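Chemist: Dropping a structure here in structure tokens format, bear with me for questions.
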Amino acid sequence: MLASPTLRAALVGDGELDDRTRAAVDAFDWVDEHGPDRALLGSTARTLQLLQAPAAALEFDRIARMPHAEAERVPLSLRIVGIVGDRLGRTRPLTEPVLNAAIAMFAEDVAVVRRDAVDQGLLERTEDGASYRFVG
């Protein structure tokens, strides 16, 4: 927002705003006629920092319900399994219980996440289903 001269002026200046700029500024719930809500911005900044922290997973609940729409669910499943791979390593096979426990840290529906990763080619499952390995 600060990169846009018009929006920047709307936040810090007292100039006249055209309808388009006024609509853009009005869309931000942290800006009112007196300018930015500093307390809300501070709270938002702290939340964003928390989300980027290594312990972020400890601060938020697991995903209770995966999206039904494939276009929403599959990228989320792949992201979860990608994080699991980053943390457990991608070069060694993972037993199903180990993989399930790792996925369960992020999502309650472990089977859907695991199946999406297999269907999309991120994971391969052994014939007996006892272990998985990352592809590539």
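Chemist: Does segment 5-34 hold any residues that are among the small types (Gly, Ala, Ser) and at pLDDT 70 or above, and which are they?
Modeler: ALA23, ALA24, ALA27
Chemist: Among the residues of segment 79-103, how many are under 20 Å from ARG62 (Cβ atoms) and open to solvent by 30 Å² or more (accessible area, probe 1.4 Å)?
Modeler: Adding up the residues that qualify gives 10.
Chemist: Any idea how many residues of segment 62-88 are touching a residue at least 12 places away in the same chain (Cβ under 8 Å) and in contact with a Leu (Cβ under 9 Å, 6 or more places away or on another chain)?
Modeler: The number of residues fulfilling the criteria is 9.
Chemist: Which members of segment 104-136 meet the condition of being open to solvent by less than 80 Å² (accessible area, probe 1.4 Å), closer than 21 Å to MET66 by Cα and touching a residue at least 40 places away in the same chain (Cβ under 8 Å)?
Modeler: The answer is ALA104, PHE106, ALA107, ASP109, VAL112, VAL113, ASP116, ALA117, LEU122, LEU123.
Chemist: What tally of residues in segment 43-87 results from selecting those that are within 26 Å of TYR132 (Cα to Cα) and of a type in the set (S, T, N, Q)?
Modeler: Looking only at that region, the number is 1.
Chemist: Still on this structure, I have one more. Enumerate the helices (runs of 4 or more DSSP H) found wholly within segment 56-136, keeping only those where 3 or more residues are touching a helix residue (DSSP H, G or I) at 6+ places or on another chain (Cβ under 6 Å).
Modeler: 70-88, 96-104, 110-119
The values are calculated or read from the model by the stated rules, or taken from the named source; none is laboratory data. Keep in mind that this is a model prediction, so the values were computed, not measured. We place every Cβ from the backbone using ideal geometry, glycine too, and count neighbours over all the protein chains shown. With ligands, DNA and RNA removed, areas are computed over all heavy atoms of the protein, side chains included. Shrake-Rupley method; radii C 1.70, N 1.55, O 1.52, S 1.80 Å.
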